[in-house]
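Peer 1: Below: one structure in structure tokens.
Quick note: the coordinates plus some simple rules give every number you see, no bench work behind them. All values derive from a computational prediction rather than experimental measurement. Neighbour counts are summed over all protein chains in view; Cβ atoms, including those assigned to glycine, are modelled from backbone coordinates with ideal geometry.
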Amino acid sequence: MFEGKVAVITGGAHGIGKCVAEEFEKRGAHVCVIDKTPGGYFTGDLAEEDTLRRFADQVIRDYGRVDFLIHNAPPLMKGIDSCSYEEFNYALRVGVTAPFYLTKLFLPYFAPGAAIVNLSSSRDRMSQPQTESYTAAKGGIAALTHGLAVSLRGKVRVNSISPGWIDTEGQVYTGPDADQQPVGRVGTPLDIANMVLFLCSDKAGFITGENICIDGGMTRQMIYHGDFGWTLSE
């Protein structure tokens, strides 16, 4: 299904992005990763317009088309107490502007049956204190998803995934960390990569504009003081 296809992945040197890249490669795809970490297909900062242009130019020179575009690069996470004006805008440039503009640059080169998958977060609908820059960027890319899905109708399917707690260090969690998840465990990068590949496949041909939350059920779990041992402490 993916043999010989061209998969472009932002933030693909670590964590979820790296797992997605490896899964595409296992299936015979040509993978073009951009990341700030040196050593991959392209090294650069997604917040810079010139970087986006040079990266897109290289992909098109090398392959001439794009089959799958995965916007995965994580934005900066800082809160209202410490996040500066420039830092907040940097988070938005990485998390929202870069996905929009890279999509625009590749627009003439999407192959028939192409798909875009945006990585949002369950933080697009819930928050911890002092995470505003990240939360705003993730909310933005979730909304950008249905905007692009409508604009690119008939040309590219566009969907997003909102991961919950995904461990990218290979740690095994037990006790409360695992038990608080309705599925009884913390997520892994492969949980997300599997959905990315599904959304890029022909099996998802009737799905566009959707945001799929993969969080072990955490955002569906109602919490009240005193229920099932939960207590509120100030």
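Peer 1: Can you find even one residue in region 71-93 that is buried (at least 16 other Cβ atoms within 10 Å of the Cβ), under 28 Å from Ala29 (Cβ atoms) and in contact with a Lys or Arg (Cβ under 6 Å, 6 or more places away or on another chain)?
Peer 2: No, there is no match, as no residue in region 71-93 is buried (at least 16 other Cβ atoms within 10 Å of the Cβ), under 28 Å from Ala29 (Cβ atoms) and in contact with a Lys or Arg (Cβ under 6 Å, 6 or more places away or on another chain).
Peer 1: To continue, here is another question. Looking at region 169-210, which of the residues that are under 21 Å from His14 (Cβ atoms) and charged (D, E, K, R) is surrounded by the fewest Cβ atoms within 10 Å (Cβ to Cβ)?
Peer 2: Ranking the candidates gives Glu169 first.
Peer 1: Same structure again: Which ranges mark the helices (runs of 4 or more DSSP H) fully within region 30-117 that have 1 or more residues being out of contact with any Leu (no Cβ under 7 Å at 6 or more places or on another chain) and aliphatic (A, V, I, L, M)? If you could, list the steps in order and put the result at the bottom.
Peer 2: Numbers: elements: 49-63, 85-92, 98-106.
Ranges flagged: 49-63, 85-92.
Peer 1: Here is a further query. Exactly one of these conditions fails for Asn194: (1) on the phi > 0 side of the Ramachandran plot; (2) not in a loop (DSSP other than H, G, I, E, B). Give me its number.
Peer 2: Here Asn194 meets the rest and fails (1).
Peer 1: When both residues are 6+ apart or on different chains and their Cβ atoms are under 7 Å apart, which pairs have a first residue that lies in region 56-74 and is touching a residue at least 24 places away in the same chain (Cβ under 8 Å), and a second that is part of a loop (DSSP other than H, G, I, E, B)?
Peer 2: Taking only residues 6 or more apart or on different chains, the pairs are Asp67/Lys5; Phe68/Lys5; Asn72/Gly11; Asn72/Gly12; Ala73/Gly11; Ala73/Leu46; Pro74/Gly11.
Peer 1: Is it fair to say Gly28 is within 15 Å of the chain's Cα centre (by Cα) and closer than 28 Å to Phe206 by Cα?
Peer 2: So Gly28 does not fit the description; no.
Peer 1: Hey, among Gly140, Gly147, which residue is surrounded by fewer than 23 Cβ atoms within 10 Å (Cβ to Cβ), without any contact (Cβ under 8 Å) to a residue 24 or more places away in the chain and not in a strand (DSSP E or B)?
Peer 2: On the way: Gly140 fails: without any contact (Cβ under 8 Å) to a residue 24 or more places away in the chain.
Of the residues listed, the single one that is surrounded by fewer than 23 Cβ atoms within 10 Å (Cβ to Cβ), without any contact (Cβ under 8 Å) to a residue 24 or more places away in the chain and not in a strand (DSSP E or B) is Gly147.
Peer 1: Out of everything in region 211-234 that is acidic (Asp, Glu) and surrounded by fewer than 16 Cβ atoms within 10 Å (Cβ to Cβ), what residue ends up being nearest to Lys5 (Cα to Cα)?
Peer 2: First, the residues of region 211-234 that are acidic (Asp, Glu): 215, 227, 234.
Next, from what is left, pick out any that are surrounded by fewer than 16 Cβ atoms within 10 Å (Cβ to Cβ): 227, 234.
On the way: Asp227: 50, Glu234: 53 Å.
Step by step, filter region 211-234, then rank; the result is Asp227.
Peer 1: Restricting to region 114-135, what's the tally of residues that are crowded, with 19+ Cβ neighbours inside 10 Å, out of contact with any Cys (no Cβ under 8 Å at 6 or more places or on another chain) and among the hydrophobic types (A, V, I, L, M, F, W, C)?
Peer 2: 3
Peer 1: Here's something else I'd like to know. I'm checking my understanding of the structure. Among residues of region 19-50 that are within 24 Å of Ala91 (Cα to Cα) and out of contact with any strand residue (DSSP E or B) (no Cβ under 8 Å at 6 or more places or on another chain), which one is surrounded by the most Cβ atoms within 10 Å (Cβ to Cβ)?
Peer 2: Top of the filtered list is Cys19.
Peer 1: Determine the pairs where a residue that is within 14 Å of Gln180 (Cβ to Cβ) and without any contact (Cβ under 8 Å) to a residue 12 or more places away in the chain, located within region 221-234, has a partner that is in a loop (DSSP other than H, G, I, E, B) and β-branched (Val, Ile, Thr) with Cβ atoms under 6 Å apart, the partner being 6 or more residues away or on another chain.
Peer 2: Every condition considered, the pairs that remain are Trp230/Ile223.
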